[in-house]
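To start, the structure under review is shown below, and the notes come after it.
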Amino acid sequence: MPLENEGEDWRMLDAQYISPRSVAEAVEALKGGGKDAMVLAGGTDLLVQARTGLRDPRLYVDLKRIPDLMALDISSKGLHLGASVPAAQIFENEDMKALYPGLTEAVDLIGSTQIQGRATVGGNLCNGSPAADTVPSLLVLEAICVIAGSEGERRVPASEFTTGPGETVLRPGEFLVRIEIPAPSKGAADAYLRFIPRTEMDIAVVGAAVSLTLDSSGCCEAASVALGAVAPTAILVEGAASALIGSTLDEAALERAGSAAYEAAQPIDDKRGTAEYRRRVASVLTQRSARMAAERARGRN
Amino acid sequence: MSEKKLKYVGTRPIRHDGVDKVLGKANFGADLNLPGMLHGKILRSPHAHAKIISINTAKAEALDGVLAVITGDDFPPPPSGKGSVEGPQDFGDMARNVMAREKALYTGHAIAAVAATTTRIAEIALKAIEVEYEVLEPVMTLERALAPDAPILHEEMRAKGEEPLPEGPTNVATRTVMGFGDVDEGFSSADVVVEREFTTETVHQGYIEPHAVVARSISDGRAEVYCCTQGQFMVRKYCSKVLDMDPTQIKVTASEIGGGFGGKTVVYAEPVSIVLARKSGRPVKIVMSREEVFIATGPTSGSHIRVKIGVKNDGTITAADATLNYEAGAFKGSPVMAGMMTIFSPYRMDHVRIEGFDVVVNKPKVAAYRAPGAPMAAFATEGVMDELASQLGMDPVDLRLVNAVKEGDTAAYGPKFKVHGFIDTLQAVKNHPHYKAPLGPNQGRGIACGFWFNAGMQSSANVILNEDGNATVVTGNPDIGGSRTSMALMAAEELGIPVDKIRPVVADTESVGYSDLTGGSRVTFATGMAVVEAAKDVVRQLRERAAQTWDVSVDDVEWRDGHAVAMNGHADDHEPLSVAALAGSAAKTGGPISGRASLNARGPGPGFATHICDVEVDKETGRVSVLRYTAVQDVGRAIHPSYVEGQMQGGAVQGIGWALNEAYMYDEKGKLQNPSFLDYRMPVASDMPMIDTVIVEVPNPTHPYGVRGVGETPIVPPLPAVAHAVNQATGVRFRSLPISPPRVLAALDD
Ligand SMILES: Cc1cc2nc3c(=O)[nH]c(=O)nc-3n(C[C@H](O)[C@H](O)[C@H](O)COP(=O)(O)OP(=O)(O)OC[C@H]3O[C@@H](n4cnc5c(N)ncnc54)[C@H](O)[C@@H]3O)c2cc1C
């Protein structure tokens, strides 16, 4: 790569940019760029971070020209969502809305119209923010992350993908190709709610995703609950899920789920809210989200 | 006041600068690039309070592509003594704020600057500058600043006005007391007395366009500056003071401006770029980042205010007493005086006492922000009034009506009020459907009033008649709120030609007479007066030219609807002459025609507003949503009603943001935690309902069209109006801003 040849003063030069046309080309490019290379999807996190000096990539490898990463396929097996598909394309897709309403809402929440033309679910996940809006939904939908690198492809569950604030399982030179989500079973639906003090252009103080499956009698057969922004990564809350399973999603069950969310949340005090406040809101949003998911699931039985 | 029917004033033409702005063609501060231009960057203190022991720039200077590195040593000594203070500005402090000397007084304080061939090299050079600090304890709150063992920001500071004057240094720059009557006597005759304390946090104006400047040094020591500012003459004067130059050695051109709200009424990077340009011999551009805007440009004061008001059972105020503490930031000069002068001014009272303290803390020096000092003061007074109304079982508007100042009443700060429409705004609120509309569960409604003085001051205008009959209206005031089109409308009315035949321009400091900056809601009033005078000057000349053409006396020529009309028996002999005809023949009748006026405008006329706010509170999350909002204001006369409504809406929205979510959040070391729009939570468009406006027009007799200032008054009522609405929805009185969700939830628990 040209970077290696610029001599000692290359840091003084402006950063470089390439846009590979295939996964293989991207793998090559990243290898050449070494530790100073970073992949670029929408850039709505990365460019902001570069501007404020938080990151300083010397080579940007753009992932928006790779057909595999720009594909959104829905089949009987489920969803294959390319890592670089822009948010706008996702939430304007009627099948997405019908099959994964919660995830689609989460995508719709990201940024503003301008941001949504660029921002991606891949970027949202790989950025590693504990507050990323799509991640709780990916957890409750049991998404699988398909990763490419010089050693070939590997698959990692979304629940294991993020390892800490800004940290993921990605090794140097690896990148996310797509996210796979199974087709929803009969009587299943999801929902996502986040709390922000404003109505948009804000970062979740708490996010809560719920996925439920109801049987024909309205009894909850399966459930999954995930919270964002209340721990170093988004977390699955088993206790909340088990409070819902076997219930008819009556108020008592919802309250138990809320309490479990309150207990599971381990937020910090920061500029976006106090710890106690976040735990309270985690409980409230878990209940509201479960109510929404249940309503949708009832409509599907 | 003439009752003549107006043809152009009061209409809503598209603004002259509108199309360029919509198409992205307007040039803002950062848009100018000059051949050979360098990029400047400023090294900022990482400490809120520290002595600067040494600065070593050698490594930065040695870098390829770095053409100049400067520190405080490259500036003349900060001005002191005669001529170093003018109104609220102390140029010695300003010089130290522009570039730190002995001490860094806030995180973000400028310590050094570089100019390099690229921004990246400039950034690398900043990192190569070595600064040794002796870190001191930061003073981040009023409480800490006033504590007896508080660290001192300025060793030479003594509390001016404190009796007796303390011997040692303090963080109180000034104590001021005003009032009349005997408050003890007043309170003793009251039936109900309410005394409360209120706090507000540091908030920023939040203009979209960061500060940007390009400076060029010319061989004879002169400098040319292009920047976004609220006053090109202000930049000229302040740079001349900070750099010890004659004002006329500096030419300043104002770019289009993406908001100011008072924040662009002082200089920051402008003198720095001049020094860098001088040292490097190249033009230098400095563009602040959003973070720099937050950490290093003037927000407005955090405040602590105590208000006590006594009333009779019928609501009549018997006495009022207030103590105001305002943070000035790192240097003296908070708007506490304006807070004091506005705090009780909407209401008539015989006994009043107001005490104010200007207090320094380790935060950026405050700058003007829309009605500086008044919103916090209104938050306190109106809060007490609202509580009094409920204790008396009175409608809150009625309580105001009982006490509202009228023409001839003495304001709590001294002068007598001239005619104004405060009571009209209260009546308009009572009669507005919004005031009576039903509310749902968890909803509440609040009203509050606000007062602002408005300013007059110095303005100049040239009206140039061109050979095609079109006119150019030249003023020296950057257009931050649609003022260009308002200037054109008044000129159109005088000349009698359509507004699209008039081109209003904002000129540089060498192309128009001195004009004070755009601020104090003064431009449509004061500069408008100059434009009207200059246009009348043109009309006088047009009548003379017609008289000459017709060989009649000028007294026999009248100006009517854009035409010179022969009078007094000459009407039948001469067809009226249009502006275009007279302009076309000007060469033959004596040469080009232009008018000019320069004036110091008096009598801006007080601004009063009353706002109604409805909110809904989510009691599980503490979130407050504004459902409906109506702003009613006496504007004198709306020259361009859309821009008047825009000001009323904009002021209301900024006030709502201040009330609900905006606040500077510092850590214990004095580092700002939220220097971005992501975490400094200004409202976004979708947070707001359409802000309904009601324009009340009680003409200001001192202005030819009745204008009074409009832009600042509307930010005064929202802080209390929101708080009162939340009170009605929740039963809780919020006396500390912001009324953010965690605070609401915590208060609901108690
Ligand atoms: C104004 C604004 C509002 C925002 N609002 C929200 C919001 O409401 N909710 C929210 O969750 N976020 C929000 N964000 C953050 C951001 O928009 C989202 O996280 C977005 O999904 C990031 O996607 P992107 O494609 O732009 O990522 P990029 O910025 O391109 O990348 C982000 C990170 O992920 C890495 N990366 C990207 N793609 C891959 C890949 N395929 N494989 C490996 N690594 C990859 C990049 O190297 C980088 O480190 C907002 C941002 C802005 C500027």
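Of the residues A:216, A:211, only one is surrounded by 24 or more Cβ atoms within 10 Å (Cβ to Cβ), in contact (Cβ under 8 Å) with a residue 24 or more places away in the chain, polar (S, T, N, Q) and more than 14 Å from every other protein chain (Cβ to nearest Cβ); which?
Step by step, each of A:216, A:211 is checked, and only A:211 is surrounded by 24 or more Cβ atoms within 10 Å (Cβ to Cβ), in contact (Cβ under 8 Å) with a residue 24 or more places away in the chain, polar (S, T, N, Q) and more than 14 Å from every other protein chain (Cβ to nearest Cβ).
Does the range A:120-144 hold any residues that are small (Gly, Ala, Ser) and buried (at least 24 other Cβ atoms within 10 Å of the Cβ), and which are they?
Selection gives A:122, A:123, A:132, A:137, A:143.
For the range A:54-61, state whether one or more residues are surrounded by 19 or more Cβ atoms within 10 Å (Cβ to Cβ) and more than 9 Å from the ligand (Cβ to nearest atom).
yes
What number of residues within the range B:374-405 are buried (at least 24 other Cβ atoms within 10 Å of the Cβ) and in contact with a Phe, Trp or Tyr (Cβ under 7 Å, 6 or more places away or on another chain)?
Result for the range B:374-405: 6.
Is it true that residue A:204 is within 13 Å of the ligand (Cβ to nearest atom) and crowded, with 24+ Cβ neighbours inside 10 Å?
yes
Looking at the range B:9-101, what strands (runs of 3 or more DSSP E) fall wholly within it and have at least 3 residues that are within 24 Å of residue B:227 (Cα to Cα)?
Hits in the range B:9-101: B:38-44, B:66-71.
Could you list, in sequence order, all residues of the range A:52-68 that are out of contact with any Leu (no Cβ under 7 Å at 6 or more places or on another chain) and either among the hydroxyl-bearing types (Ser, Thr, Tyr) or in contact (Cβ under 8 Å) with a residue 60 or more places away in the chain (or both)?
Once the filter is applied, which keeps residues that are out of contact with any Leu (no Cβ under 7 Å at 6 or more places or on another chain) and either among the hydroxyl-bearing types (Ser, Thr, Tyr) or in contact (Cβ under 8 Å) with a residue 60 or more places away in the chain (or both), the range A:52-68 yields A:52, A:68.
Considering only the range B:127-136, I want to know if a residue exists there that is within 14 Å of chain A (Cβ to nearest Cβ), within 27 Å of residue B:674 (Cα to Cα) and of a type in the set (A, V, I, L, M).
Yes.
Let me confirm something: among B:285, B:279, which residue is in contact with a His (Cβ under 7 Å, 6 or more places away or on another chain) and farther than 30 Å from residue B:379 by Cα?
The unique qualifying residue is B:285.
When the residues of the range B:613-662 are narrowed to those that are farther than 15 Å from residue B:689 by Cβ and of a type in the set (A, V, I, L, M), which ends up nearest to the other protein chains (Cβ to nearest Cβ)?
Filtering first and then ranking leaves B:617.
Across the range A:188-201, what is the total count of residues that are part of a loop (DSSP other than H, G, I, E, B) and away from the ligand (no atom under 11 Å from the Cβ)?
1
So which pairs qualify, if the first residue must be in the range B:480-508 and more than 22 Å from residue B:646 (Cα to Cα), the second must be of a type in the set (D, E, K, R), the Cβ gap must be under 7 Å, and the two must be at least 6 apart or on different chains?
Every condition considered, the pairs that remain are B:493/B:7; B:494/B:536; B:496/B:561; B:508/B:251.
Of the numbered conditions (1) at pLDDT 95 or above; (2) more than 19 Å from the chain's Cα centre (by Cα), residue B:635 fails exactly one; give the number of that condition.
Result: residue B:635 fails condition (2) only.
If I go through the range B:529-556 residue by residue, how many of them are among the β-branched types (Val, Ile, Thr) and not in a helix (DSSP H, G or I)?
Qualifying residue count for the region: 1.
Please go through the range A:233-257 and give me each residue that is closer than 24 Å to residue A:158 by Cβ and assigned to a helix (DSSP H, G or I), ordered by number.
Selection gives A:238, A:239, A:240, A:241, A:242, A:243, A:244, A:257.
Do we have residue B:605 as away from the ligand (no atom under 16 Å from the Cβ) and more than 27 Å from residue B:729 (Cβ to Cβ) here?
yes
Please find, among A:298, A:288, A:278, the residue that is more than 14 Å from every other protein chain (Cβ to nearest Cβ), outside any loop (DSSP other than H, G, I, E, B) and of a type in the set (Lys, Arg).
Result of the check over A:298, A:288, A:278: A:298.
Okay, residues lined up against (1) at pLDDT 95 or above; (2) surrounded by fewer than 22 Cβ atoms within 10 Å (Cβ to Cβ); (3) in the same structural domain as residue B:45 (by TED's automatic domain parsing):
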| position | (1), (2), (3) |
| --- | --- |
| B:92 | yes, yes, yes |
| B:97 | yes, no, yes |
| B:129 | yes, yes, yes |
| B:186 | yes, no, no |
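Could you give every pair whose Cβ atoms fall below 6 Å, whose first residue belongs to the range B:678-704 and is within 14 Å of chain A (Cβ to nearest Cβ), and whose second residue is part of a loop (DSSP other than H, G, I, E, B) and among the β-branched types (Val, Ile, Thr), counting only separations of at least 6 or pairs across chains?
That search, which allows pairs on different chains as well, returns B:686/A:199; B:687/A:199.
Would you be able to say whether some residue in the range A:238-259 is within 16 Å of the ligand (Cβ to nearest atom), surrounded by 22 or more Cβ atoms within 10 Å (Cβ to Cβ) and at negative phi?
So far as the range A:238-259 goes, no, none of its residues is within 16 Å of the ligand (Cβ to nearest atom), surrounded by 22 or more Cβ atoms within 10 Å (Cβ to Cβ) and at negative phi.
The values are calculated or read from the model by the stated rules, or taken from the named source; none is laboratory data. Note that the coordinates shown come from a computational prediction; the quantities given were computed from them, not determined experimentally. Neighbour counts are summed over all protein chains in view; Cβ atoms, including those assigned to glycine, are modelled from backbone coordinates with ideal geometry.
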